[in-house]
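All remarks here apply to the structure that follows.
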Amino acid sequence: MIFERLFKAKHLHSDPDTRIQAIENLSLDKASDKQALHELAFNDSDARVSLAALDKLNSFALWLKASETAENPRIKKRAYEKVLAEVNNPDSNLISASEFSAFVAESKNTNLLEDLLSSNRRLQENDALALACLL
């Protein structure tokens, strides 16, 4: 118990630079490390730490959530750019064609849908999906 207070995990350190360095050593295979990354991604006070955790997690769903819920404008903008880049990339590893269709059909983000209608080839080639997006 005393040791826990003396040897706090580096991702809980008060210095943001130390937390960023600790993110590199966290493993996506360990449930506790993955939970720590989620906490850092969505609850850290430093935008750099949150973005580093999101980069490490590298999940379309988490980038989308950050683009919609982040209070920090830097995180919100970077997450939106990442979502837009992945959606516009037909060879994306983060979002499959079926996930893309479901995402467009269910999205309530009109700004993103407008951006997609004007620039996304996958959406422009799918008449039914494009029409649903317009409606």
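Miscellaneous remarks
- Label-point separation in nm, Asp15 to Phe42, each point 7 Å along Cα→Cβ: 3.0
- The magnitude of the dipole of the range 1-114, with charges of +1 and -1 set on the Cβ of Lys/Arg and Asp/Glu and taken from the Cα centre, is near 280 debye.
- Dipole axis of the chain (+1 Lys, Arg; -1 Asp, Glu on Cβ), positive-most option in Leu62, Gln21, Phe100: Gln21
- Relative contact order [Cα under 8 Å, 6+ residues apart], the range 58-135, whole percent: 23
- Entry note: the chain has Rg to Rh equal to 1.09, where both radii use alpha-carbon atoms and Rh is the Kirkwood radius.
- Packing-based ranking, highest mean first, of 34-40, 71-77, 52-58 given that Cβ atoms within 10 Å are counted: 52-58, 34-40, 71-77
- If you plug the beta carbon distance of Ser119 and Ser96 into 1/(1 + (r/R0)^6) with R0 = 30 Å, you get a FRET efficiency near 0.95.
- Selection of chymotrypsin sites (Phe, Trp or Tyr not before Pro), the range 3-112, meeting DSSP coil and at most 10 other Cβ within 10 Å: Phe7
- Legend: translational diffusion of the range 76-135 by Stokes-Einstein, Rh = Kirkwood radius over C-alpha pairs, 4 °C, 1.567 mPa s; D = 113 µm²/s.
- By the rule of a C-alpha distance below 21 Å, with chain neighbours fewer than 8 residues away ignored, the lysines paired with Lys82 are Lys34, Lys56, Lys65, Lys108.
- Efficiency of FRET from Cβ geometry, Ser107 and Asn58, R₀ 22 Å, rounded to 0.05: 0.60
Read the figures in this text as sums done on the coordinates, not as results from a lab. This one's a predicted model, so the numbers in the text were calculated from it and none came from an experiment. Cβ: placed from backbone, ideal geometry, glycine included. Neighbour counts: every protein chain shown.
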